[in-house]
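Readers should treat all values here as calculations from the given coordinates under stated rules, not as data from a laboratory. Since we're looking at a predicted model, the values are computed, not measured. A quick note on method: Cβ atoms are made from the backbone with ideal geometry, for glycine too, and the neighbour counts reach across all protein chains shown.
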Amino acid sequence: MSDDELVLVATAAKTAGVTLAGFFARAALTAARDPQTSAAAIAGRREMVAELFAARRHLGQIGNNLNQLTRAINSGAQPPDAQLDAVLDAVRGASARVQGATDQLLEHT
C-alpha cells in the first residue's frame with residue numbers, strides 16, 4: 001500500500017469513527033460477504049492494468065515504425081501515403097486505448 005493509499009484509508013477510518021484496524025476489519029468482512037462483487041472489482045482493475053501495459057507495448061512498436069519513416073524521409077525517400085496513414089491510424093488507435101483504460105481507472109478510484 002502506498003503512502004497516499006494509507007492516508008486515504010486512514011481518512012476514511014476517521015470519518016467512519018473507527019480505528020484503522022477496525023476499518024480494515026470491516027472492509028474485509030464486507031468484501032467477504034460479497035465475494036463475487038469483490039472479485040469482479042479486483043479482476044476489473046487487473047484487466048485495466050493489462051490493457052495499459054498492452055497499449056504501452058503497442059506505442060513502442062508504433063514509435064519504432066515512426067522512427068523508420070522519419071529516417072526514410074530525412075534521407076530523401078518518400079514513403080507511400082498508405083504507410084504514413086497506417087502509422088497515423090495506429091497512433092490514434094493506441095492513444096484511444098490508453099485514454100479509455102485511463103478513464104476506466106479514474107472512474108474506479
Original post:
Where does the chain land at 222 nm, in deg cm²/dmol rounded to the nearest 500, when only DSSP H runs of n ≥ 4 count, each adding -39500 (n - 2.57), divided by all residues?
Top reply: -30500 deg cm²/dmol
**OP:** About the Cα centre of the chain, how large is the charge dipole given +1 on each Lys and Arg Cβ and -1 on each Asp and Glu Cβ? Please answer in debye to the nearest 20.
**Re:** 260
Original post:
Taking the chain on its own, what percent of its Cα-Cα pair distances exceed 16 Å?
Top reply: 72
